[in-house]
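Worksheet: the structure to be examined is printed underneath.
Taken together, the values in this text are just the output of simple stated rules run on the coordinates, not laboratory data. On a predicted model such as this, the values are computed, not experimentally measured, just so you know. We place every Cβ from the backbone using ideal geometry, glycine too, and count neighbours over all the protein chains shown.
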Amino acid sequence: MAEKLITLDLNRPWWERCFCVAPLIVVGTKEVNGKYNLAPKHMAMRLGWSNYFGFVCTPHHRTYQNIVRERAFTVSFPSTDELILTSLAAAPRDDTDTKTSLAALPTHPATIIDGVFLQGAYLNLECKLQQIIDGFDENSLITGKILAVHVIESALRLEDLDDRDLLLQNPLLAYLSPGRYAKIAESYSFPFHQGFHR
Ligand SMILES: Cc1cc2nc3c(=O)[nH]c(=O)nc-3n(C[C@H](O)[C@H](O)[C@H](O)COP(=O)(O)O)c2cc1C
């Protein structure tokens, strides 16, 4: 017999009632004072098969305000080794509106846009602002056109390297919303239907 379905109250924070798997990225932006800001986001995804990327952010965050002004941002995909650094990027700001934890985060510069990446991240994107879609209550979708992409050598898929081995050696970091994370090392070939094409 099928399990009973519980219908949840839309007026309550129902996303907290069960887990969903999400990526975990760090968005880099340039501040008014010329320094660089980093902030983690899990509501993030590629937009299609070519060079577009988007994530959800509230206009109250400095990340949003910086992107409106600078019209560019970076995206770092941390590996499991950068979990704590990723969390530090979400530390609160002090009385002078400074996120002091950022001083502890090692970074390296982007090549095309004015920005930085989180050191150690396995996949790095340099984006120029494509479009901001406001209006999801207090949230907005920020989209970028990817101008450059960099992958660390050990994370690069190669013809003579088994994909399963690649992921065993370089586990992926997933955010299990709300409030948990996973290291994904074990993986399986997807059972595509014979003749499937996208
Ligand atoms: C694991 C994790 C995931 C997060 N995901 C998002 C997200 O998807 N969208 C968002 O707007 N904020 C998200 N946040 C919160 C902000 O990134 C965080 O509050 C950040 O410090 C805002 O900084 P800013 O004002 O410098 O932009 C997340 C925080 C954590 C710890």
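Note down all Cβ pairs under 7 Å where the first residue falls in the range 167-187 and is within 10 Å of LEU24 (Cβ to Cβ), the second is polar (S, T, N, Q) and assigned to a helix (DSSP H, G or I), and they're at least six residues apart or on different chains.
If the second residue must be polar (S, T, N, Q) and assigned to a helix (DSSP H, G or I), the pairs left are LEU173/THR80.
List every residue pair whose Cβ atoms lie under 9 Å apart, where the two residues are 6 or more positions apart in sequence or sit on different chains, the first residue falls within the range 24-41 and is of a type in the set (A, V, I, L, M), and the second residue, located anywhere, is more than 7 Å from the ligand (Cβ to nearest atom) and in a loop (DSSP other than H, G, I, E, B).
LEU24/PRO78; ILE25/PRO78; ILE25/ALA121; VAL26/PRO78; VAL26/LEU105; VAL26/ALA121; LEU38/LEU105
Would a scan of the range 8-18 turn up a residue that is buried (at least 20 other Cβ atoms within 10 Å of the Cβ), of a type outside the set (S, T, N, Q), in contact (Cβ under 8 Å) with a residue 24 or more places away in the chain and farther than 25 Å from ALA104 by Cα?
Filtering the range 8-18 for residues buried (at least 20 other Cβ atoms within 10 Å of the Cβ) gives none.
So far as the range 8-18 goes, no, none of its residues is buried (at least 20 other Cβ atoms within 10 Å of the Cβ), of a type outside the set (S, T, N, Q), in contact (Cβ under 8 Å) with a residue 24 or more places away in the chain and farther than 25 Å from ALA104 by Cα.
Does any residue in the range 50-70 that is more than 12 Å from the ligand (Cβ to nearest atom) come within less than 8 Å, Cβ to Cβ, of a residue that is in a loop (DSSP other than H, G, I, E, B) six or more places away or on a different chain, and which pairs are these?
PHE53/LEU47; ARG69/VAL32; GLU70/ASP114
Quick one: in the range 108-144, of everything that is under 16 Å from the mean Cα position of the chain (by Cα) and hydroxyl-bearing (Ser, Thr, Tyr), which residue is farthest from ALA155 (Cα to Cα)?
Filtering the range 108-144 for residues that are under 16 Å from the mean Cα position of the chain (by Cα) and hydroxyl-bearing (Ser, Thr, Tyr), the one farthest from ALA155 (Cα to Cα) comes out as SER140.
Could you check LEU88 against (1) within 12 Å of the ligand (Cβ to nearest atom); (2) without any contact (Cβ under 8 Å) to a residue 60 or more places away in the chain; (3) in contact with a strand residue (DSSP E or B) (Cβ under 7 Å, 6 or more places away or on another chain) and say which number it fails?
Against the list (1) within 12 Å of the ligand (Cβ to nearest atom); (2) without any contact (Cβ under 8 Å) to a residue 60 or more places away in the chain; (3) in contact with a strand residue (DSSP E or B) (Cβ under 7 Å, 6 or more places away or on another chain), LEU88 comes up short only on (3).
Going by the structure shown, is ILE142 under 25 Å from GLY34 (Cβ atoms), in a strand (DSSP E or B) and in contact with a Ser or Thr (Cβ under 9 Å, 6 or more places away or on another chain)?
Values: under 25 Å from GLY34 (Cβ atoms): yes; in a strand (DSSP E or B): yes; in contact with a Ser or Thr (Cβ under 9 Å, 6 or more places away or on another chain): yes.
Against the criterion (under 25 Å from GLY34 (Cβ atoms), in a strand (DSSP E or B) and in contact with a Ser or Thr (Cβ under 9 Å, 6 or more places away or on another chain)), ILE142 qualifies.
So in the range 23-49, with the set limited to residues that are aliphatic (A, V, I, L, M) and out of contact with any Lys or Arg (no Cβ under 9 Å at 6 or more places or on another chain), which one is nearest to the ligand (Cβ to nearest atom)? Steps first, please.
Of the residues in the range 23-49, the ones aliphatic (A, V, I, L, M) are 24-27, 32, 38-39, 43-45, 47.
From the residues that got through so far, the ones that are out of contact with any Lys or Arg (no Cβ under 9 Å at 6 or more places or on another chain) too are 43-45, 47.
Values: MET43: 4, ALA44: 6, MET45: 11, LEU47: 15 Å.
Ranking the qualifying residues of the range 23-49, first place goes to MET43.
Taking ASN139 as the residue in question, decide whether it is among the polar types (S, T, N, Q) and more than 16 Å from the ligand (Cβ to nearest atom).
On the way: among the polar types (S, T, N, Q): yes; more than 16 Å from the ligand (Cβ to nearest atom): no.
Taking the combined requirement at face value, the residue does not satisfy it.
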